[in-house]
Each structure stands twice: as C-alpha cells, then as structure tokens.
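Read through the structure below, which is laid out as structure tokens, and then see the notes.
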Amino acid sequence: MNHQDSLESVRGMTVLITGAAQGMGAIFARTAAAEGVQSLFLWDINEELLQCTADELRQQHPQVTIHAQVVDLSSRASIERAAEKVRHHGGVQVLINNAGVVTGGAFTDQEPDHIEATLAVNTLAPMYLASHFLPGMLASRGPGRILTIASAAALVSNPNMSVYAASKAAVLTWSDSVRLELERARAHQVKITSFCPTYVSTGMFAGVNKMLFTPILSPEQVARKAWEAMLRGTPIVLMPWTSKLGQVLRGLLPTSLWDRLAGGPLGIYRSMDGFTGRTAAQSKARPDGRG
C-alpha cells in the first residue's frame, strides 16, 4: 500500500458509526470527535443510551455536528429511511460497520427468528449500508473508508457458535471481496478494512471461557487497533497473534488432529460452553466503553 493512501485522521470528514451507543461503537465515536470530524452520524437501536452518548459528545466537542438516529439494523426499511436522511446531508466519507448481535448455544436450540436477526444485523446491514454510501464515496474521488468489524469466529468453526460464526464469515468474505473489486477498478482512494478480533469484553460475550494464550481483549485495545487499521487502509487484521497461528495450524494439520487440539489444550471448542451474553441490566448500563 502506498503510504500516501493513509489518512492521519478523520478531521473535517463525515463519519457514520453503527452500534454507537456503547462499547466499541461509543469509543469509535469519541475518537472521531476528538480528531475533529465535521459531522458524526450515530446509529443504534437503544434510544436511551444513544442519546447519552450523543449528549456527552455534544458537550465535549461542540464544534462537531452530531446526528443521533435510532435505527433497527435488522430492518431493511429502517436502514433505508435513516440512510436517506444521511444522504440528504451529503453522505459519508467513513462508514464504521460496528453493530453486531451474538447468538450462542447449540444450533438445534436456535429459533428461526434469532437466526434471521443475527444474519440481518451482522451480515446484511453492512451490505445495505455500503450499497447506500459506497457509490457516493467513489463519485467524490476523495478519500473514503469502510471499516467492518467481523470476528475471528469467521475463520474457525466453533461449537455453540454456528449462527454467529456463519454471519461473520459471510460479512468477512463480502467485505474483502469488495476490497478486491475496488483495487481492480483502481479506486485507490477508498479503502476497505475487515477487522477480526477474538472475544472482546464488551458484555456481548459474557460467560465465555478463555482460550490458551488468548486473553479476553479490552474494547479500548481493539477499537484503537481497528481505528488505526482503518486510517491506514489495512485490508484484514486478525487480533491477537494466536488467531494467525490458529489459521496456520488449521491449514497444515489433518482435521482430526486440529479438532483434538482445538477441543483440548487450545480450548477453542470449549470457549462458548459457559456463554451467557449481555443481560438486560447490562444493556441499560451507562455507555462507558466497556459495554
């Protein structure tokens, strides 16, 4: 990648962040505001927490125009209505596909509504958003960025995570395929970044078991790395280093041997056994960057 393709910051740009009310989304929002973004669109389904985050940013960064929009990302109609309002303000130059839902448990216990909602939010919503805003980024001929928070689960099969892993695998391959299309079209000013962390302590993965040599990551740590990768235009980032090692081992070893390692000393296949997820009380907590 040409060093000139990197961005130093989002100063003066228009940024849209999904899942912006708490956790990593709120961290992204604070980072954008601190860097001097011109306009900031914050999308979330939780109106109360969204307004708290928006009010905080307005107070701390009065020079930034904040648009807080309650959007149900599982609804294409809701996305289209909100996107039309964003386009009315001139579109965006940076799109952060951060929002996600986690579905855990055996596949036979998954309700069809839960399956559909997981795929709608994790997979379809980023596609719909890119279809709305990517053409404008390309037409402007200025720098543009799309950061999609995928997951290391997109790369490793895992018991009790089938629906979530499938949704993230789909969004990862979609995101990186769009990157290749832009490179083929020589649209070098727009960069696509797919970010794949392991478990992050936002509350969404409450109850998961630790894996060997793989800590539960802090949202601050992950958001910082993802933001830096987005500015640079790094195509794909796996975090932490054990994810890369796991990919090598899975590719080299026979499936039976990999299964024994992942289900035994590495602890991957047992990591979702105690999963509970974010409780209703946690979802109502003040957004402080920890979910």
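The values are calculated or read from the model by the stated rules, or taken from the named source; none is laboratory data. Everything numeric in this text was worked out from a predicted model, so none of it was measured. Note: ideal-geometry Cβ built from the backbone for every residue, glycine included; neighbour counts use all protein chains shown. Accessible surface areas use protein heavy atoms only, side chains included; no ligands, DNA or RNA. Shrake-Rupley method; radii C 1.70, N 1.55, O 1.52, S 1.80 Å.
Summary table
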{"item": "One residue from Ile45, Ile17 being within 24 Å of Lys191 (Cβ to Cβ) and at pLDDT 95 or above", "result": "Ile17"}
{"item": "Qualifying positions in the stretch 34-65 - surrounded by fewer than 20 Cβ atoms within 10 Å (Cβ to Cβ) and either among the hydrophobic types (A, V, I, L, M, F, W, C) or touching a His at 6+ places or on another chain (Cβ under 9 Å) (or both)", "result": "Ala34, Gly36, Ser39, Ile45, Cys52, Val64, Thr65"}
{"item": "Filter pass, Gly203 being buried (at least 17 other Cβ atoms within 10 Å of the Cβ), more than 27 Å from Gly264 (Cβ to Cβ) and at pLDDT below 95", "result": "yes"}
{"item": "Given (1) polar (S, T, N, Q); (2) free of Cβ contacts under 8 Å to residues at least 24 places away in the same chain; (3) open to solvent by 50 Å² or more (accessible area, probe 1.4 Å), number of the condition Ser78 does not satisfy", "result": "(3)"}
{"item": "Meets criteria (β-branched (Val, Ile, Thr), open to solvent by 10 Å² or more (accessible area, probe 1.4 Å) and more than 21 Å from the chain's Cα centre (by Cα)) for Thr14", "result": "no"}
{"item": "Residue list for the stretch 177-197, restricted to those being part of a loop (DSSP other than H, G, I, E, B) and open to solvent by 20 Å² or more (accessible area, probe 1.4 Å)", "result": "Ala185, Arg186, His188, Gln189"}
{"item": "Residue list for the stretch 117-146, restricted to those being polar (S, T, N, Q) and either touching a Cys at 6+ places or on another chain (Cβ under 8 Å) or open to solvent by 20 Å² or more (accessible area, probe 1.4 Å) (or both)", "result": "Ser131, Ser140"}
{"item": "Condition check for Glu228: without any contact (Cβ under 8 Å) to a residue 40 or more places away in the chain, assigned to a helix (DSSP H, G or I) and surrounded by fewer than 20 Cβ atoms within 10 Å (Cβ to Cβ)", "result": "yes"}
{"item": "Tally, over the stretch 206-227, of residues that are modelled with pLDDT of 95 or more, hydrophobic (A, V, I, L, M, F, W, C) and either in contact with a helix residue (DSSP H, G or I) (Cβ under 7 Å, 6 or more places away or on another chain) or within 19 Å of Leu245 (Cβ to Cβ) (or both)", "result": "3"}
{"item": "Evaluation of Gly25 against (1) in contact (Cβ under 8 Å) with a residue 60 or more places away in the chain; (2) within 17 Å of Gln69 (Cα to Cα); (3) open to solvent by 30 Å² or more (accessible area, probe 1.4 Å); (4) not hydrophobic (A, V, I, L, M, F, W, C) (one fails), failing number", "result": "(3)"}
{"item": "Verdict on Val10 being more than 25 Å from Leu138 (Cα to Cα) and touching an Asp or Glu at 6+ places or on another chain (Cβ under 7 Å)", "result": "no"}
{"item": "Residues satisfying the stated conditions in the stretch 114-128, i.e. at pLDDT 95 or above and either touching a helix residue (DSSP H, G or I) at 6+ places or on another chain (Cβ under 7 Å) or more than 26 Å from Glu181 (Cα to Cα) (or both)", "result": "Ile115, Glu116, Ala117, Thr118, Leu119, Asn122, Thr123, Ala125, Pro126, Met127, Tyr128"}
{"item": "Subset of the stretch 236-265 [assigned to a loop (DSSP other than H, G, I, E, B) and either exposed (fewer than 14 other Cβ atoms within 10 Å of the Cβ) or modelled with pLDDT of 95 or more (or both)]", "result": "Leu253, Pro254, Gly264, Pro265"}
